[in-house]
Amino acid sequence: MATKKASSRKTSRRKYGKKASKSVESAMRRRKSGTLRRGKSGHGGKVKSRKQAVAIGLSEARKKGAKVPPAPKGSASARRKSSGSKRRTKSGAKSKS
């Protein structure tokens, strides 16, 4: 009789909880109906992009205490600037001589 070998696969666990997916689902529905607003107090205007709606849904889930990984550190504009500068240096910008 053959013996079973221990599986070397990593056990997959959910990154996001059910509560988080419900919150994102709700945010997507509100975006579609036009009631999802930007900003802390909701005075920033309507949310138009899906990505932004998902981010808002995850943020709300974090506030409620759902199982959601921590948000990336730094502002979005700061992350964009840092990634842009990395791309420019790799492309081999001409040096002044």
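For the stretch 22-41, taking the residues that are more than 20 Å from the chain's Cα centre (by Cα) and exposed (fewer than 10 other Cβ atoms within 10 Å of the Cβ), the one that is modelled with the lowest pLDDT is identified as Ser41.
For the stretch 51-71, indicate whether the set of residues that are part of a helix (DSSP H, G or I), more than 11 Å from the chain's Cα centre (by Cα) and among the hydrophobic types (A, V, I, L, M, F, W, C) is non-empty. Within the stretch 51-71, one or more residues are part of a helix (DSSP H, G or I), more than 11 Å from the chain's Cα centre (by Cα) and among the hydrophobic types (A, V, I, L, M, F, W, C). Figure legend. Inter-residue proximity from the stretch 42-67: first residues modelled with pLDDT of 90 or more, second residues assigned to a helix (DSSP H, G or I) and of a type in the set (Val, Ile, Thr), beta-carbon distance below 6 Å, spacing 6+ or different chains. Indicated pairs: Val54/Val24; Gly57/Val24.
The values are calculated or read from the model by the stated rules, or taken from the named source; none is laboratory data. Predicted model, so just to flag it, every value in this text is computed and none were measured. Glycine also receives a Cβ, built like all others from the backbone with ideal geometry; neighbour counts cover every protein chain displayed.
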